[in-house]
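Engineer: To start, I am sharing the structure in question, which I have written as structure tokens.
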Amino acid sequence: MTFKKSNEAFWWSLFSAGGVLSAMFLPAFVVISGYVLPNQSSADPGRAPYEHIHGIVSWWPVRVLLFGVIAFTFFHVAHRIRHVVNDLGWRHHTAPLSLVCYGGAFAGAGTAAWLLLTLPSVAQ
């Protein structure tokens, strides 16, 4: 009996990591950036919400965390879309579909990395 080599375990691991990170951190990001920081800046009228968020995102551990959450979320979505389209009956287009889905995830992760690396730091 011969077994066909598959890279499916690699994509499932990225899918799983994206789902876990999204479930853990995205609700916190939404609450912090959508409720806490805007309301906190209204107590301090001299500082705009953008400046406050920019100051927080300028710290390198926050950038690393944001990149991880964003990149793995892209791979989570790409894997889910690929399997949904396969379940809809497009099984004979596996290679182009994988290229589009995972290529888009790599492009999104690369764009996120570029944006986070080129974000100017706030002078302390």
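FYI, it's all coordinate maths here, none of it is from the lab. Here the structure is a predicted model, which means the values were calculated and not measured. Glycine also receives a Cβ, built like all others from the backbone with ideal geometry; neighbour counts cover every protein chain displayed.
Engineer: Roughly how big is the chain's charge dipole about its Cα centre, with Cβ charges of +1 (Lys, Arg) and -1 (Asp, Glu), in debye to the nearest 20?
Structural biologist: Roughly 420 debye, rounded to the nearest 20.
Engineer: Please quote Rg/Rh for the range 55-106 to two decimal places, taking the Kirkwood radius as Rh and restricting both calculations to Cα atoms.
Structural biologist: Here the Rg-to-Rh quotient is 1.22.
Engineer: Which order, highest average first, do 90-96, 25-31 follow once you tally other Cβ atoms within 10 Å for each residue and take the mean per peptide?
Structural biologist: 25-31, 90-96
Engineer: Do the sum for the chain: with -39,500 (n - 2.57) for every DSSP H run of n ≥ 4, divided by all residues, what is the mean residue ellipticity at 222 nm, to the nearest 500 deg cm²/dmol?
Structural biologist: That comes out to -25500 deg cm²/dmol.
Engineer: Normalised by the residues of the range 71-124, what does the relative contact order come to in percent, with Cα pairs under 8 Å and at least six apart?
Structural biologist: After rounding, I find 49 percent.
Engineer: Moving on to the next point. Running a GNM on the chain with Cα contacts under 10 Å, which residue among Leu14, Leu37, Leu66 ends up with the highest mean-square fluctuation?
Structural biologist: Evaluated over the chain, the most mobile residue of the options is Leu37.
Engineer: May I ask you to list, by number, the DSSP H helices of the chain whose Cα span along the axis is at least 24 Å and whose average Kyte-Doolittle hydropathy reaches 1.0 or more?
Structural biologist: Result, helices passing both filters: 8-31, 94-118.
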